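In what follows, a single structure is set out as structure tokens and then discussed.
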Amino acid sequence: MPQLPPLVEPADELTIDEVRRYSRHLIIPEVGMAGQKRLKNAKVLVIGAGGLGSPALLYLAAAGVGTLGIVEFDTVDESNLQRQIIHGQSDVGKSKAQSAKESILETNPNTNVVLHEVRLDNDNVFEIFEQYDLIVDGTDNFATRYLVNDAAVLLGKPYVWGSIFRFDGQISVFWAEHGPCYRCLYPEPPPPGMVPSCAEGGVLGVLCASVGAAQVTEAIKLLTGIGDPSLGRLNIYEALDLNWRSLKVRKDPNCAICGENPTVTELVDYDAFCGAITEEAADAAVGSTISVKTLNDWIKLKDNGEKDFELIDVREPNEYEINRIPGSVLIPKADFQTGVALEKLPQDKQLVFHCKSGVRSAEVLAIVKGAGFSDAVHVGGGVVAWVDQIDPSQPAY
């Protein structure tokens, strides 16, 4: 692919202090004074101040990007600190956006930090994106990924995408005017419940640094017009093997949004498109969902011999070791999907299922109802709600 022109024009000048600060960039011939002035003039939006956003924001600021926008509505939780290095212990409970801004300004006080403390959605995405030259996507859910892609395509904006899970990461650059978009790579989201989130499956903390830093490298290449950006390439990082490999991604002429005859010409309902849970699980949960407060009452009745039921935890064994609802029996969701768990279920007790948040248990509920356990229920909110509302002495994760 021919080298792309720089995304932004150079700023008029660098101050003496800026020349000192960026001297190691300035002596690189490919960057030089012109490249650093482009970085100073650049406006980059980072979506999320979490695992990927943390290293991305710090390195973009350190590199001299003049304006950094942050889209983030969450607050800092202690479980974030294992990987979200832009936040510290004293930031727990604080707005992630505010915490990130403080760290950025400590890294580079010359940076103009713009906060968008909102959940990115169809109503605000165009207004926010239009203010920036480049988007760096650090989101962790499919609905927002498709929203980011479609908004970027419709606005003609390039963006650097990254994803992480356990020990592996993926990185690419999407720019429909010059190559494929995210829908060319993933035309459809995976079936609900098929791909666990990092909150369910975990992530090696330092993986965020590897992938986030690579995203910043791509951003700098695009902004300054140096190197060969990863348009049309999916870069896969396998941390346990310390291995990078690259796959070609071609622009799909039949792509729903950037193809020759696009069928997506405006933003759609991305929650419905991606689906939090399957339709079968949603149907099974109707009238068969209990709250953690109800479960707590049932446990007390069971202890008094006034009610009998089997409480089944469908998480993974490593999750069960972190925290659990008293009296629960562990049978992972995968055992229900293969069918081996069905023969273990008692026939003379009501079945109560739970997971971390209620998504996996709803999927299991659909399976067991289909197998004839019509009075089975699941716990809305799962262990997260239990720890929050009933037993805060247990660790959250």
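Every number in this text was worked out from the coordinates using simple rules, so none of it is lab data. None of these values were measured; they are calculated from a predicted model. All Cβ positions, even for glycine, are placed from backbone atoms using ideal geometry, and neighbour counts span all protein chains on display.
A few notes on this one:
- Per-residue [θ]222 nm for the chain (sum of -39500 (n - 2.57) over DSSP H runs n ≥ 4, rounded to 500): -10000 deg cm²/dmol
- Rounded FRET efficiency, nearest 0.05, which uses the C-beta distance separating Lys349 from Ala396 and R0 of 35 Å: 0.75
- Kirkwood hydrodynamic radius over Cα pairs of segment 111-247, then Stokes diffusion coefficient at 37 °C and 0.692 mPa s, in µm²/s: 208 µm²/s
- Each DSSP beta bridge with both residues in the chain is either parallel or antiparallel, and the antiparallel ones are about 40%.
- Taking 20 Å as the straight-line reach from the Cα of Lys293, the aspartates and glutamates in range (excluding those fewer than 8 positions away in the same chain) are Asp303, Glu306, Asp308, Glu310, Asp313, Asp375, Asp388, Asp391.
- Simple spin-label estimate for Asp335 and Glu177 gives 5.5 nm between the two label positions (7 Å along the Cα-to-Cβ direction from each Cα).
- Where labels lie 7 Å past Cα in the beta-carbon direction, separation of Thr294 and Leu240 in nm: 4.0 nm
- Spatially near lysine pairs across segment 297-397, Cα under 18 Å, sequence gap of 8 or more or different chains: 8
- Both the radius of gyration and Dmax for the chain are 23.8, 79 Å, in that order, over alpha-carbon atoms.
- Peptides 69-76, 52-59, 248-255, 321-328 ordered by average Cβ neighbours within 10 Å, highest first: 52-59, 69-76, 321-328, 248-255
- Cβ-Cβ FRET estimate between Asn304 and Asn254, R0 fixed at 56 Å, reported to 0.05: 0.35
- Among Gly179, Gly225, Gly339, residue whose mean-square fluctuation peaks in a GNM of the chain (springs only between Cα atoms under 10 Å): Gly339
- Here the Karplus relation 6.51 cos²θ - 1.76 cosθ + 1.60, evaluated at θ = phi - 60°, turns the backbone of segment 155-166 into coupling constants of 9, x, 9, x, 8, 9, 10, x, 8, 9, 6, 6 Hz, with x for every Gly and Pro.
- Glu127 paired with Glu13, simple spin-label distance in nm, labels 7 Å along Cα-to-beta-carbon: 3.7 nm
- Across every direction, the projection of the convex hull enclosing the Cα atoms of segment 219-353 has a mean area of 15.2 nm².
- The amide H of Ala42, built 1.01 Å from its N in the peptide plane, has Gly66, Thr67 as neighbours under 5 Å, considering only residues 5 or more places off or on other chains.
- √(5λ) per eigenvalue of the Cα gyration tensor, segment 307-397, largest first, Å: 22, 14, 11
- Ordering of 19-30, 165-176 by burial proxy (mean other Cβ atoms within 10 Å per residue, highest first): 165-176, 19-30
- Pairwise centroid distance, computed over Cα atoms, of segment 54-120 with segment 366-397, Å: 33 Å
- Rounded FRET efficiency, nearest 0.05, which uses the C-beta distance separating Lys94 from Arg20 and R0 of 22 Å: 0.10
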